[in-house]
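Notes for the one structure printed next.
The values are calculated or read from the model by the stated rules, or taken from the named source; none is laboratory data. Owing to the predicted nature of the structure, the values given are computational and were not obtained by experimental measurement. For neighbour counting, all protein chains shown are included, and Cβ atoms are generated from backbone atoms with ideal geometry for every residue, glycine included.
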Amino acid sequence: MMTLNQLSLYPDCLDQWFSAEQQHNYVSQLIGTGDRRLGLTRCRAEYFVRLWAYLWLKQQCDRQETIQPPLTHLNLPNGFIPCTHREAAAVFYGQKERGSDRAAGMMLDILVALGLIEKQFDGNTICIKVNAPPKLAESQTETTEVQFQVDAFDPRNDATLVAHFLARNYDWMNAENCHLIARRLRKWAKQYPAGMRVLRRCDLDHPIGFYSFYPVASESEKNFFLPPRQSLHLNSEQEADPFGVAVPGDEDCTSVFVRSWTIDAPYFQVPQITQVLQDCQHVLKRMREEFPNISDLYGLIIHPSMAQVAEALGFQKTAQDSVLGIYWVYQAIDRFLALDLPQVLSDFTF
């Protein structure tokens, strides 16, 4: 049995708990998955697998669970686990000539950028959450046993949690303004709350997905034909919102802006994607009761995973930003509402 007294021993001795052969199997699967991420080298995959094993062992240790080495498979640790740069260095480099704590911290940042882990600072130490690809996670508790529901965004209770996983979409822009995102989400909720929805885990009631449909005032529609960077707002330092909201009953409102559409990485799978998109269809039908002439659905593609979803749904690229590489996509609302989503998504792997 591994006890808390042994906690400081096994970062250096991880191979005794999870053999090099098993680590190699996981690395090979990770490198060989169809959704291989740009920038994921074998070395980085090895570091990720070792970190995953260590964090799961540490959580079991904290819970005083009995563990018999050697491990034959890895389960996903639940939530965020404290992990200092010194621990990470011991995990990454093991019995080899060690790299520095600073080098380990840089590697953690790389794994965050690859979407394999999430990182938060709790005021005392760094905390890490593992986002293993579903194909590699032996435990399917997160996606098969847990039930999900889509309901209204609650600005009092949801804004901070949603802001954290939305901020990760902007990592490539070197921006982590969770407080700014949360504040703007609450502002949007005052403008048009009916268009803001969340996907929740029923057991925890936590939001793990979010989208916002924003009816656009006619004078703001020109933004859809301008460079996309001029319309960034959720994570922008600019206070002025480039888009005005239409007032219910406005017959001049013809466009709906998908201001955000995200499912947190561990849950980004076809069943959850389908569930959220079906809710999108219901919300658009209700919006037509308030805005009878809406016909155009626009989105701004910032994250590569959203590009896959947009392509599957038949959205067309209309304008790309030559500076940032982000781009506008368009779909007629009539065509979106006519989609048989389970059929459309049946052949896609995200």
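Candidates are the residues of the stretch 271-307 that are of a type in the set (A, V, I, L, M) and farther than 18 Å from ALA319 by Cα; the one that is modelled with the lowest pLDDT is ILE273. Taking the criterion of being surrounded by fewer than 14 Cβ atoms within 10 Å (Cβ to Cβ) and more than 22 Å from the chain's Cα centre (by Cα), the residues of the stretch 321-331 that qualify are SER322, VAL323.
Among the residues of the stretch 1-55, those that are among the polar types (S, T, N, Q), under 31 Å from the mean Cα position of the chain (by Cα) and at pLDDT 70 or above comprise SER19, GLN22, GLN23, ASN25, SER28, GLN29, THR41. Restricting ASP279, ASP340 to those that are surrounded by 18 or more Cβ atoms within 10 Å (Cβ to Cβ), among the acidic types (Asp, Glu) and out of contact with any Gly (no Cβ under 9 Å at 6 or more places or on another chain) reduces the list to ASP279.
If the condition is being aliphatic (A, V, I, L, M) and in a loop (DSSP other than H, G, I, E, B), then the stretch 247-275 contributes only VAL247. Applying the condition of being within 19 Å of ILE263 (Cα to Cα) and aromatic (Phe, Trp, Tyr) to the stretch 332-350 and asking which residue is modelled with the highest pLDDT yields PHE348.
When the stretch 307-350 is filtered for residues that are out of contact with any helix residue (DSSP H, G or I) (no Cβ under 8 Å at 6 or more places or on another chain) and in a helix (DSSP H, G or I), the ones remaining, listed by number, are ALA307, GLN308, ALA310, GLU311, ASP334, ARG335, GLN343.
For the stretch 50-106, the tally of residues that are assigned to a helix (DSSP H, G or I) and either surrounded by 20 or more Cβ atoms within 10 Å (Cβ to Cβ) or small (Gly, Ala, Ser) (or both) stands at 18. Scanning the stretch 206-243 for residues that are in a helix (DSSP H, G or I), modelled with pLDDT under 90 and touching a strand residue (DSSP E or B) at 6+ places or on another chain (Cβ under 9 Å) yields PRO228, SER231.
Scanning the stretch 171-205 for residues being within 24 Å of LEU116 (Cα to Cα), at pLDDT 85 or above and either more than 18 Å from the chain's Cα centre (by Cα) or in a helix (DSSP H, G or I) (or both) gives a total of 2. In the stretch 297-304 there is no residue that is surrounded by 17 or more Cβ atoms within 10 Å (Cβ to Cβ), touching a Pro at 6+ places or on another chain (Cβ under 8 Å), in the same structural domain as LYS222 (by TED's automatic domain parsing) and assigned to a helix (DSSP H, G or I).
State yes or no: is TYR93 modelled with pLDDT of 80 or more, under 30 Å from HIS303 (Cα atoms) and of a type outside the set (D, E, K, R)? It is false that TYR93 is modelled with pLDDT of 80 or more, under 30 Å from HIS303 (Cα atoms) and of a type outside the set (D, E, K, R).
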